[in-house]
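Trainee: Take this structure first; my questions come after.
Read the figures in this text as sums done on the coordinates, not as results from a lab. If you're wondering where the values come from, they're calculated on a predicted model, not measured in any experiment. Glycine also receives a Cβ, built like all others from the backbone with ideal geometry; neighbour counts cover every protein chain displayed.
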Amino acid sequence: MLPDCYLDHIAIATDDLESTVDLYSKLGLSFEAKREIVEDQKVKTAFAAIDENAHVELLEPTSSDSAIHKFIEKKGPGIHHLCFRVPDVMAKQKELEAQGMRFIYSEPVKGANNCLVNFIHPKSMKGVLTEISQKL
Ligand code: CMX
């Protein structure tokens, strides 16, 4: 049985999705053919499975006001966030907010791969932007 919280993906910000797909493919990862544009987040994504649960997610900004564009401008391409799968994202958000953690959105929003997601601010997670996600 799966635990109540497990790694879903490691997200990497890039300014060139396809050349980064090529790079990680050289390591031996197999990317899904699908590329998804997440309109709410202004990103284009590519996923490769690491094991039966965890993936690498590559993120390319689709607009200059995307959080990913801002991140790359400031820090350059690199690891952007970790995402953990939970059974109920709103319940987990309420539980963590009650313990003082700061979320980016007041309510979960739509993420890639038909998921409901929210992000814990890096300041509440020792410098790591952390997404929680629930499969719809
Ligand atoms: N990881 C760790 N720290 C980060 C960070 C990241 N990815 N992005 C920003 N920060 C840090 C900054 O360095 C800054 O730290 P200091 O104050 O010590 O300098 C602090 O967070 C605040 O940064 P900021 O520049 O004031 O804020 P930004 O405008 O860069 O916004 C954040 C940061 C996290 C609020 C914003 O990126 C956000 O809303 N993220 C959630 C949505 C998102 O990331 N979407 C893209 C992924 C979508 C997907 O997976 O589908």
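Trainee: Under 17 Å from the Cα of Lys34, which aspartates and glutamates turn up, not counting those fewer than eight places away in the same chain?
Mentor: Asp16, Glu18, Asp22, Glu57, Glu60
Trainee: Another one. Tally Lys and Arg at +1 and Asp and Glu at -1 over the other residues with C-beta under 15 Å from the C-beta of Ser106: what net charge comes out?
Mentor: Values: positive: Lys92, Lys94, Arg102, Lys110; negative: Asp40, Glu97, Glu107.
Residues close to Ser106 contribute a combined charge of +1.
Trainee: Something else about it: Taking a quarter of the surface of the Cα convex hull of region 1-41, what do you get in nm²? If you can, show how the numbers build up before the last one.
Mentor: On the way: hull surface 19.0 nm².
That works out to 4.7 nm².
Trainee: If contacts are Cα pairs under 8 angstrom and at least 6 residues apart, what is the relative contact order of the chain in percent? Intermediate values should be presented prior to the final figure.
Mentor: Working: 271 pairs, mean separation 34.0, N = 136.
About 25 percent, as a whole number.
Trainee: Which net charge results when you count Lys and Arg as +1 and Asp and Glu as -1 among the other residues whose beta-carbon is under 15 Å from that of Thr20?
Mentor: Numbers: positive: Lys26, Arg35, Lys44; negative: Asp15, Asp16, Glu18, Asp22, Glu32, Glu57, Glu60.
Value of the local net charge: -4.
Trainee: Follow-up. What number, in nm² with one decimal, is the all-direction average of the projected area of the convex hull of the alpha-carbon atoms of the chain? Each step should come with its number before you reach the end.
Mentor: Details: hull surface 33.9 nm².
So the Cα hull casts an average projection of 8.5 nm².
Trainee: May I ask for the net charge around Asn53, where only other residues with Cβ less than 12 Å from the Cβ of Asn53 are counted and Lys, Arg are +1 while Asp, Glu are -1? Before the final figure, lay out each step's value.
Mentor: Values: positive: Arg85, Lys135; negative: Asp8, Asp51, Glu52.
Result for the neighbourhood of Asn53: -1.
Trainee: Something else now. Can you tell me which lysines have their Cα less than 19 Å from the Cα of Lys94? Leave out same-chain residues fewer than eight positions away.
Mentor: Lys110, Lys123, Lys135
Trainee: To the nearest 20 debye, what is the magnitude of the charge dipole of the chain about its Cα centre, counting +1 on the Cβ of each Lys and Arg and -1 on the Cβ of each Asp and Glu? Write down the numbers at each step before the final one.
Mentor: Working: 16 positive and 21 negative charges, 79 e Å.
Using Cβ point charges on Lys, Arg, Asp and Glu, the chain gives about 380 debye.
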